[in-house]
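Chemist: Okay, here's the structure, questions in a sec.
The values are calculated or read from the model by the stated rules, or taken from the named source; none is laboratory data. Computed from a predicted model, the values in this text were never measured in an experiment. Here the Cβ positions follow ideal geometry from the backbone for every residue, glycine too, while neighbour counts run over all protein chains shown.
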Amino acid sequence: MNLRQLDKKHFGRQGEPEDVVIVGNSADSYLTDSRGRKYIDFMMGWCVGNLGWGNTEIRAAARKFDGPDYVHPDYLYRPWVQLAEMLARITPGKLAVSYRTTGGTESVEGALQIAMAYTGRGTFVSIEDSYHGNSIATMSIGASDKRETFKNLLPNCHKIEPPLDHKALRKVETLLKKRDVAAFIMEPIICNLGALVPEDGFVRGVRKLCTRYGTLFIADEVATGFGRTGRLFACEHFDLEPDVLCMAKAITGGYGGLGAVITTSKIANAIKDDFGLYSTYGWHPRAVAVALANLRYLTRHRNKLLKNATELGQYFLTRLAQMSFKGKATVRGKGFAIGIEVKDKVYASEIGDTCRKNGLLVSAEQDVIMIFPALTVTRQTAQRGLDIFERSL
């Protein structure tokens, strides 16, 4: 049997895999397949490889790791504290106490549990068609159409339809004033909705309403965190100080599975006797070693990387807006979270397939094409990738 046949027989996945067999030799903004063909990667693992592939400093930390094979969650381990200290230092507002997870779904699960434990409530408000993970709870706060497949999702989850403006804000207040909502949760910039940027007044207004009605504000920064939008965290575009923040993906740059959920000391102390987020492989010693190396590199080069994401991100938006799509296309985003909504699922899929055949990797899901370059991408590579994209329309 060839690889595709074996994959189909033994490997569980939704749909068919794309015709790209990845091997080693990935570097910066390029991936190499088994035939030796190089691709410009404008997906970076869907917001995972923010520092590009093959970062020598992070790879060295992985190779040099000589710590314990495993640490039981009840024991003390200095690198856990070092990572938690660093996250408290770089996240917005008064966030101070981190809980260990293995990835994004587990981080959001933990955030929902924190909100329920702290408020004593069981209702949530989120954005319709958003994505927050693949567990029953995280699918419950995501797109409503999941209920067609999974009949018993959590019932007390209300959805706010975009556009996220003053009208949507009034709908949020109608829900929150009942004082039974544990948390409002959203990505500050919603990646799977084509990098949807909410109105500034909506985000600031929801923050005020949450404070007024005793509801926690959870910021899901699993995809948007660590420089993706031109700020270290997308919350910073709105001066937003969330009560809970979820992280994963780029926290290790792709060199290990790790996530975190961080909250304030006030909330953590209030639930300390009743809440514990147990994770067998959360913050595995090897993953922590590469996370520390990744975040140290990001912190040291922060200004340069964020400037590149902001300035080159605008170059992407400008060029994309000038391209000729079939029908009306909406281009939007912040930094290197860029979406093109073409309102045609088949057309979006065709563009994605043609880009791949031409040597460019982008994300084409539903009627939206997403572009997530590395923060380290050069102007030359950006221009080359966009040239391929334009030829592929």
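Chemist: Tell me, please, whether a residue that is surrounded by 12 or more Cβ atoms within 10 Å (Cβ to Cβ), touching a residue at least 40 places away in the same chain (Cβ under 8 Å), under 23 Å from Asp274 (Cβ atoms) and over 19 Å from the mean Cα position of the chain (by Cα) can be found in segment 105-113.
Modeler: Our first condition is that a residue be surrounded by 12 or more Cβ atoms within 10 Å (Cβ to Cβ); within segment 105-113, this holds for 105-113.
Right, trim to touching a residue at least 40 places away in the same chain (Cβ under 8 Å) and you get 106-108, 110-113.
Subsequent filtering for residues that are under 23 Å from Asp274 (Cβ atoms) retains 106-108, 110-113.
This time we only want the ones that are over 19 Å from the mean Cα position of the chain (by Cα), so: 113.
Yes, segment 105-113 contains at least one residue that is surrounded by 12 or more Cβ atoms within 10 Å (Cβ to Cβ), touching a residue at least 40 places away in the same chain (Cβ under 8 Å), under 23 Å from Asp274 (Cβ atoms) and over 19 Å from the mean Cα position of the chain (by Cα).
Chemist: Out of curiosity, is Tyr255 closer than 20 Å to Tyr70 by Cα and more than 21 Å from the chain's Cα centre (by Cα)? Working first, answer last.
Modeler: Working: closer than 20 Å to Tyr70 by Cα: yes; more than 21 Å from the chain's Cα centre (by Cα): no.
For Tyr255, the condition - closer than 20 Å to Tyr70 by Cα and more than 21 Å from the chain's Cα centre (by Cα) - is not met.
Chemist: Does Asp243 satisfy the criteria of being over 17 Å from the mean Cα position of the chain (by Cα), acidic (Asp, Glu) and either under 16 Å from Met86 (Cα atoms) or modelled with pLDDT under 95 (or both)?
Modeler: Working: over 17 Å from the mean Cα position of the chain (by Cα): yes; acidic (Asp, Glu): yes; either under 16 Å from Met86 (Cα atoms) or modelled with pLDDT under 95 (or both): no.
No.
Chemist: List the strands (runs of 3 or more DSSP E) that sit entirely inside segment 205-273 and contain at least 3 residues that are not aliphatic (A, V, I, L, M). I'd like the intermediate steps shown before the answer.
Modeler: On the way: elements: 216-220, 244-247, 259-264.
So the answer is 259-264.
Chemist: Considering only segment 342-366, state which residues are charged (D, E, K, R) and at positive phi. Outline the logic, then answer.
Modeler: Let us first name the residues in segment 342-366 that are charged (D, E, K, R), namely 343-345, 350, 353, 356-357, 365.
Across segment 342-366, the qualifying residue is only Lys343.
Chemist: Can you name every residue in segment 343-393 that is free of Cβ contacts under 8 Å to residues at least 60 places away in the same chain and part of a loop (DSSP other than H, G, I, E, B)?
Modeler: The answer is Lys343, Asp344, Asn358, Gln366, Asp367, Ser392.
Chemist: Then there's this: Checking Asp19 against (1) in contact (Cβ under 8 Å) with a residue 40 or more places away in the chain; (2) assigned to a helix (DSSP H, G or I), which single condition isn't satisfied?
Modeler: With (1) in contact (Cβ under 8 Å) with a residue 40 or more places away in the chain; (2) assigned to a helix (DSSP H, G or I) applied to Asp19, the lone miss is (2).
Chemist: Kindly provide the set of residues from segment 9-59 that are of a type in the set (Phe, Trp, Tyr) and within 22 Å of the chain's Cα centre (by Cα), ordered by number. Spell out how you get there, then give the answer.
Modeler: Kept after step one, since they are of a type in the set (Phe, Trp, Tyr), are these residues of segment 9-59: 11, 30, 39, 42, 46, 53.
Selection gives Tyr30, Phe42, Trp46, Trp53.
Chemist: Is it the case that Lys343 is out of contact with any helix residue (DSSP H, G or I) (no Cβ under 6 Å at 6 or more places or on another chain), surrounded by fewer than 23 Cβ atoms within 10 Å (Cβ to Cβ) and farther than 14 Å from Leu393 by Cβ? Steps first, answer last, please.
Modeler: Numbers: out of contact with any helix residue (DSSP H, G or I) (no Cβ under 6 Å at 6 or more places or on another chain): yes; surrounded by fewer than 23 Cβ atoms within 10 Å (Cβ to Cβ): yes; farther than 14 Å from Leu393 by Cβ: yes.
Against the criterion (out of contact with any helix residue (DSSP H, G or I) (no Cβ under 6 Å at 6 or more places or on another chain), surrounded by fewer than 23 Cβ atoms within 10 Å (Cβ to Cβ) and farther than 14 Å from Leu393 by Cβ), Lys343 qualifies.
Chemist: Could you list, in sequence order, all residues of segment 204-226 that are surrounded by fewer than 24 Cβ atoms within 10 Å (Cβ to Cβ) and not aromatic (Phe, Trp, Tyr)?
Modeler: Once the filter is applied, which keeps residues that are surrounded by fewer than 24 Cβ atoms within 10 Å (Cβ to Cβ) and not aromatic (Phe, Trp, Tyr), segment 204-226 yields Arg204, Gly205, Arg207, Lys208, Leu209, Cys210, Thr211, Arg212, Gly214.
Chemist: Select from segment 134-166 the residues that are hydroxyl-bearing (Ser, Thr, Tyr) and over 21 Å from Thr215 (Cα atoms) and write down the one among them that is surrounded by the fewest Cβ atoms within 10 Å (Cβ to Cβ).
Modeler: From segment 134-166, those hydroxyl-bearing (Ser, Thr, Tyr) are 135, 138, 140, 144, 149; that's our starting set.
Next, only the ones that are over 21 Å from Thr215 (Cα atoms) stay: 135, 144, 149.
Numbers: Ser135: 13, Ser144: 15, Thr149: 8.
If we take residues in segment 134-166 being hydroxyl-bearing (Ser, Thr, Tyr) and over 21 Å from Thr215 (Cα atoms), then Thr149 is surrounded by the fewest Cβ atoms within 10 Å (Cβ to Cβ).
Chemist: Output the number of the condition that Gly339 fails; it satisfies all remaining conditions of (1) within 19 Å of the chain's Cα centre (by Cα); (2) among the small types (Gly, Ala, Ser); (3) in a helix (DSSP H, G or I).
Modeler: Failing condition for Gly339: (3).
Chemist: For segment 307-325, enumerate the residues that are in a loop (DSSP other than H, G, I, E, B) and out of contact with any helix residue (DSSP H, G or I) (no Cβ under 6 Å at 6 or more places or on another chain).
Modeler: Gln322, Ser324, Phe325
Chemist: Turning to a different aspect of this structure: Suppose the filter is under 28 Å from Ile190 (Cβ atoms) and either part of a helix (DSSP H, G or I) or in the same structural domain as Arg207 (by TED's automatic domain parsing) (or both); does Arg296 pass it? Reasoning before the result, please.
Modeler: On the way: under 28 Å from Ile190 (Cβ atoms): no; either part of a helix (DSSP H, G or I) or in the same structural domain as Arg207 (by TED's automatic domain parsing) (or both): yes.
Here the answer is no, as Arg296 does not meet what is asked.
Chemist: Ok, one more. Which ones in segment 178-202 are in a helix (DSSP H, G or I) and surrounded by 23 or more Cβ atoms within 10 Å (Cβ to Cβ)? Steps first, answer last, please.
Modeler: The initial filter retains those residues of segment 178-202 that are in a helix (DSSP H, G or I), namely 191-193, 200-202.
Once the filter is applied, which keeps residues that are in a helix (DSSP H, G or I) and surrounded by 23 or more Cβ atoms within 10 Å (Cβ to Cβ), segment 178-202 yields Cys191, Leu193.
Chemist: What is the number of the single condition among (1) under 19 Å from the mean Cα position of the chain (by Cα); (2) closer than 27 Å to Thr56 by Cα; (3) of a type outside the set (A, V, I, L, M, F, W, C) that Lys334 does not meet?
Modeler: (2)
Chemist: Checking the structure you have, find out if any residue of segment 282-303 is surrounded by fewer than 19 Cβ atoms within 10 Å (Cβ to Cβ), more than 25 Å from Gly52 (Cα to Cα) and of a type outside the set (S, T, N, Q).
Modeler: No: zero hits.
Chemist: Something else now. Only residues that are more than 30 Å from Ala364 (Cβ to Cβ) and in contact (Cβ under 8 Å) with a residue 12 or more places away in the chain: list them for segment 185-211, please. Step through it out loud before you land on a result.
Modeler: Taking segment 185-211 and keeping what is more than 30 Å from Ala364 (Cβ to Cβ), we get 201, 204-211.
Scanning segment 185-211 gives Gly201, Arg204, Gly205, Val206, Arg207, Leu209, Cys210.
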